[in-house]
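Here is the structure we will look at.
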Amino acid sequence: MSSYYEDLAPGSGCREPRAWLRSSRPRMSLNGRWEFKLWSGPAEAPADVMRPDVDVDWDELEVPGHWVLQGHDRPRYTNTAFPFPIDPPRTPDANPTGDHRRWFDLPDDWERDGAVLRFEGVDSCFKVWLNGTEVGTAKGSRLPSEFHVGELLRPGRNLLVVRVHQWSSGSYLEDQDMWWLPGIFRDVTLLSRPLIDDVFVHADYDHLTGAGTMRVDVEPSSAQITIPELGLELQAGEKVTIAGVEPWTAEVPRLYDAQVAVHGETVELRIGFRTVAMTDGLLTVNGQPLFFRGVNRHEHDERRGRAMTVEAMRQDLVLMKQHNLNAVRTAHYPPHPAFLDLCDELGLWVVDECDIETHGFIYTDWRGNPADDPDWAPMMLDRMRRMVERDKNHPSVIVWSLANESHRGRNFGTLAEWTRGRDPGRAVFYERDRSYEFSDFYSLMYTPLEDLEAIGTRTEDVPPETEDDPELETRRRGLPFVLAEYAHAMGNGPGGLADYQRILERYPRLQGGFVWEWIDHGLLLPGAIDHVYGGDFGERVHGANFCIDGLLFPDRTPSPGLTEYKKVIEPVRITGPDPLTIHNLRTFASLDDLEFVWSEELDGEQIDAGRLEVPEIQAGSTAALPPPVETQPPTEMPGDERWLTVRAVLAKDEAWAAAGHEVAWAQFRLGGGSAEDRHDAPSPPQPEAVVSGGVQERGVGRGGLGRVVLGVGEFEGSTGRLVRVGGVEVEGPELDLWRAPTDNDCGQGGRNGVVGEWRAAGLDRLLHRVDGVEVGQDELVVRARVAPDGLGVGVRATYRWVSADDGLRLTVEVEPEGEWGGTAVSPRCGSWPRVGVRMVVPSNLDTVTWFGGGPGEAYADSREAARVGRYTSTVDELQTPYVVPQENGSRIDVRWAELTDAQGNGLRVEGAPYFQLTARRWTTEDLERARHRSDLTPRDHIYLNLDLAQNGLGSASCGPPATPQHTLEPGHYTFSLTFHQFGRSPGHAVGASDT
Ligand code: IPT
């Protein structure tokens, strides 16, 4: 006989699932401090724990909460692996078991009869006793369970005991890519007898007539429904048509307050009228095909794990709205119910996903996968029912997702059939069954651009799953496509968002996608300074930092990836400058909530500004306007850059942002004849042929020279390395091809990353050899060979220095040597991390002002959000705090940069025309070695990288690498930089290292 935590029953003694309701009936929250005791396994846990006098040395615990985040045992992260032997439905003896106990007082007048005890989420299986008597058991971590407790309640003191097992048969259905976090992690509430048991609102909107139709099914059917704003009163089950209602959409989330009442209870509802349909092969709402600008969201709080606060949920949604997101997939389980209320209120399309993932069965080659075993159907269906019943009244929820990553399985047929029967008003989604037999969508994850394009044009290959079934294949071909997951935001990245967006917007069949994922799952344990991830506890099997892949850092600070995504998915596109065209990319709403402002900047300084008169622009329409400034002035000083910036900002406060919040923007280069639209981002430089320098060979032997002075520059004679620019001590620029690999550079298990070939080509260990220092009349030429030990590949680097104006101009020529294209014994190296120079400057030059792309970091394939301007920052602020340190902080298209000390004196670098700038207090090698942020200790200098270009980011940590267009190929490159001593008081010697 198997125990309740190992059997295939979803629970025992539970009430039927029903809607989450805001009721007027008395309720008592049982959240707070509980007594707690952790046992190594069920065998150790005392059989008499329900007795008030049980002899246990109780500790204390905050509920809701996970005991592993409150000093008991520790959290564990695996991506796909079950952290126990795969032997379904059995669990290991070492099954951490937490006894939770709480005394509570019930007022004498509290009506006990019919009372219900409700748990919103307990991970993963639990048994409940009230006043010594067993109440029931339940599984399904991210789903509610209710128990009748009326007869067991007493006036005055009551004792509630809950035994929670970390592992159960249910764990085989809960292999989501996230921390294993046991405990009572959502609210516990005692409800007095619900008189209204269940409510199911059906509120449709007819976009042709503008009428709403409504029927509210209630148990009991004697209930009355009122919607005061519509002057409506109706009976449960009665269908009414209401002329002229305002529909609910994620763009305009119009809700009507309603009450459902029986004698003794009123339930508050917020009704949104909207109709979800699959029409002509597309998902439509209110007659319009939707386009998801979405994200996958796990529930995560750096200290509380999945025990989310309502404030954090609201913060997530406010940040999503502020960053132009319109959809969220609740990866990979139903969220806290309050989250969906907030989605209704703030306006997000929701794909509500069931708490089912059996991913770890990849390690048995899917043998024993519960999804395809009818014995598991009841437990799976129970989960689907509990989600659908709980969440069915949310207008924001438009799609039910059956599961994530659980392969093919018959049970999904059972789930889909039940769901469609119960709720025909929503679509059904499941990605991983590649026949899509049970799904209303065709969907994939991390799809390469070429494949996405093929899907858009309906020329994709037939999947093996439908090869022999023409009917199923025809059905699949007729389905709309959504990217369930794409653009893996692990570490620095994702790259390529703009490329995805261009394709997604081009083909009607593609209804958008959901970036993976919303937030880094880094945990901050009590007393720790670094966020932990897999492997930090010495676990043998873990998923390392694969869960540190969000658009938000663990503390909910937006990462550059989110800033980029915001720009890429902006719902208003502005092109121009003459005419200025404003495209409304929304599905429903006009742009009347926005105000358009412009400014004109000369070399980054604003010289004029104003407001644009914009006519009403309906969803899907455009308007062309004359530009607010002269776009082609007669004359212009060379080097002057005139830019027009146009911004769409909120005209008034919204629930998620204040008036003035920027929604969209565009920049246009003015003058000089041709206007350059900032949307056409330049691709990285292509290798060029080396221009012969024609330098006179008047070489000076190594070590023969002492110091060489050229204008403001002072060089070491033997090496030709720059040591001083005016009064600023430097360590000469030298060629650099390496960067601290990003997670996306590393790829997945060496399969698709570029780092493998970079290391094989020795790019991580380049040695510099000076072959000649030639001092000419007004120039210094240094020839070097830069190459790794043990290999034949390398590059010739020629540094040419001339004195220019009051500065020093350096031209670097890079010429590859050897077999970068690969040989029989060495692999091809298809890219270089960067081409540029690194240079050391004094640590007090820590204020950085630049004219170029900003304010944030940008890379070749993640640069849409960078706008041309003049920015000031500090070296410390230039760092992007990735949880796992890696290449970061590069500023793109820099025309010039000044590094200054507190007095405003320092060094100025100019590009010809642009360079990419990185400045940090540690070296690339320090950055590469660091596994956590606290591993980075500031050194006594500042390390600059002045790059011609860097390789794109891609999203190869789980997806495609940078596209060829954004790949920095090994090749011949030439670039120039000019260095000046810079100061408020010229001639002032500055920048002596403060050591
Ligand atoms: C995909 C998972 O669905 C998601 O949970 C997460 O693990 C993501 O990968 C990577 O972070 S599954 C993968 C095999 C595409």
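Assorted remarks:
- Listed by first and then second residue, the pairs with beta-carbon distance under 6 Å, at least 6 apart or on different chains, first residue in the range 10-38 and touching a residue at least 60 places away in the same chain (Cβ under 8 Å) and within 23 Å of residue 165 (Cβ to Cβ), second outside any loop (DSSP other than H, G, I, E, B) and of a type in the set (S, T, N, Q), are 11/137; 12/137; 14/145.
- Residue that is surrounded by the fewest Cβ atoms within 10 Å (Cβ to Cβ), among those in the range 537-560 that are under 21 Å from residue 888 (Cβ atoms) and among the charged types (D, E, K, R): 555
- Of all residues in the range 761-775, none that is outside the structural domain of residue 835 (by TED's automatic domain parsing) and surrounded by 16 or more Cβ atoms within 10 Å (Cβ to Cβ) has its Cβ atom under 9 Å from the Cβ atom of a residue that is at pLDDT 95 or above and not aromatic (Phe, Trp, Tyr), 6 or more apart or on another chain.
- Pairs, first under 23 Å from residue 813 (Cβ atoms) in the range 938-966, second within 16 Å of the ligand (Cβ to nearest atom) and among the aromatic types (Phe, Trp, Tyr), C-beta under 8 Å, six or more apart: none
- Within the range 353-373, the set of residues being away from the ligand (no atom under 16 Å from the Cβ) and touching an Asp or Glu at 6+ places or on another chain (Cβ under 9 Å) comprises 368 only.
- Hits in the range 149-177 - residues which are more than 21 Å from residue 79 (Cβ to Cβ) and either among the hydroxyl-bearing types (Ser, Thr, Tyr) or in a loop (DSSP other than H, G, I, E, B) (or both): 149, 153, 154, 155, 169
- Candidates 336, 300: the one that is in contact (Cβ under 8 Å) with a residue 60 or more places away in the chain, within 16 Å of the ligand (Cβ to nearest atom), buried (at least 20 other Cβ atoms within 10 Å of the Cβ) and not aromatic (Phe, Trp, Tyr) is 300.
- Filtering the range 447-476 to residues that are in a helix (DSSP H, G or I), away from the ligand (no atom under 16 Å from the Cβ) and in contact (Cβ under 8 Å) with a residue 24 or more places away in the chain leaves 449, 453, 455, 456, 464, 465, 466, 472, 475, 476.
- Test: residue 433 is in contact with a Ser or Thr (Cβ under 9 Å, 6 or more places away or on another chain) and within 16 Å of the ligand (Cβ to nearest atom): yes
- Per the listing 539, 564, 517, 485, the residue uniquely away from the ligand (no atom under 16 Å from the Cβ) and under 13 Å from the mean Cα position of the chain (by Cα) is 564.
- Summed over the range 115-135, the residues that are part of a loop (DSSP other than H, G, I, E, B) and farther than 27 Å from residue 299 by Cβ give a count of 3.
- Leading residue by the ranking (surrounded by the fewest Cβ atoms within 10 Å (Cβ to Cβ)) among those in the range 424-446 that are part of a loop (DSSP other than H, G, I, E, B) and touching a residue at least 60 places away in the same chain (Cβ under 8 Å): 425
- Filter pass, residue 305 being within 16 Å of the ligand (Cβ to nearest atom), small (Gly, Ala, Ser) and buried (at least 24 other Cβ atoms within 10 Å of the Cβ): no
- Only residues that are over 27 Å from residue 546 (Cα atoms), in contact with an Asp or Glu (Cβ under 7 Å, 6 or more places away or on another chain) and of a type in the set (A, V, I, L, M, F, W, C) were counted across the range 929-963, and they come to 1.
- Of the residues making up the range 487-501, not a single one is farther than 24 Å from residue 753 by Cα and assigned by TED's automatic domain parsing to the domain that holds residue 432.
- Verdict on residue 87 being at negative phi and at pLDDT 95 or above: yes
- Taking each residue of the range 735-747 that is on the phi > 0 side of the Ramachandran plot and looking for partners that are at pLDDT 95 or above with beta-carbon atoms closer than 6 Å, six or more apart or interchain, yields 747/956.
- Whether a residue is within 13 Å of the ligand (Cβ to nearest atom) and either modelled with pLDDT of 95 or more or acidic (Asp, Glu) (or both) was assessed, and residue 416 does not pass this test.
- Out of 97, 189, sole residue that is of a type in the set (S, T, N, Q), more than 29 Å from residue 297 (Cβ to Cβ), away from the ligand (no atom under 16 Å from the Cβ) and in contact with a strand residue (DSSP E or B) (Cβ under 7 Å, 6 or more places away or on another chain): 97
- Any hit, the range 219-229, residues being closer than 29 Å to residue 111 by Cα, surrounded by fewer than 22 Cβ atoms within 10 Å (Cβ to Cβ) and of a type in the set (D, E, K, R): yes
- The listed residue being closer than 13 Å to residue 164 by Cα and among the basic types (Lys, Arg), out of 90, 74, 118, 101: 101
- Any hit, the range 581-591, residues being within 23 Å of the chain's Cα centre (by Cα), in a helix (DSSP H, G or I) and of a type outside the set (Lys, Arg): no
- Every residue from the range 178-218 that is of a type outside the set (A, V, I, L, M), outside any loop (DSSP other than H, G, I, E, B), farther than 22 Å from residue 60 by Cβ and out of contact with any helix residue (DSSP H, G or I) (no Cβ under 9 Å at 6 or more places or on another chain): 202, 204, 205, 206, 213, 215, 217
- Top-ranked residue in the range 143-183 [being small (Gly, Ala, Ser) and surrounded by fewer than 24 Cβ atoms within 10 Å (Cβ to Cβ); ranked as nearest to the ligand (Cβ to nearest atom)]: 150
- Odd one out for residue 25 among (1) among the basic types (Lys, Arg); (2) out of contact with any Lys or Arg (no Cβ under 8 Å at 6 or more places or on another chain); (3) away from the ligand (no atom under 16 Å from the Cβ): (2)
- For residue 417, the criteria (1) within 30 Å of the chain's Cα centre (by Cα); (2) not aliphatic (A, V, I, L, M); (3) not in a strand (DSSP E or B) hold in every case but one, which is (1).
- Any hit, the range 456-473, residues being buried (at least 23 other Cβ atoms within 10 Å of the Cβ) and either over 23 Å from residue 286 (Cα atoms) or assigned by TED's automatic domain parsing to the domain that holds residue 396 (or both): no
- Residue in the range 404-411 that is within 25 Å of residue 285 (Cα to Cα), within 15 Å of the ligand (Cβ to nearest atom) and outside any strand (DSSP E or B) present: yes
- Scope the range 27-75; condition among the aromatic types (Phe, Trp, Tyr) and buried (at least 16 other Cβ atoms within 10 Å of the Cβ); matching residues: 34, 36, 39, 67
The values are calculated or read from the model by the stated rules, or taken from the named source; none is laboratory data. Everything quoted here is computed from the prediction, not taken from an experiment. Positions of Cβ are generated from backbone atoms using ideal geometry, with glycine treated the same way; all protein chains shown enter the neighbour counts.
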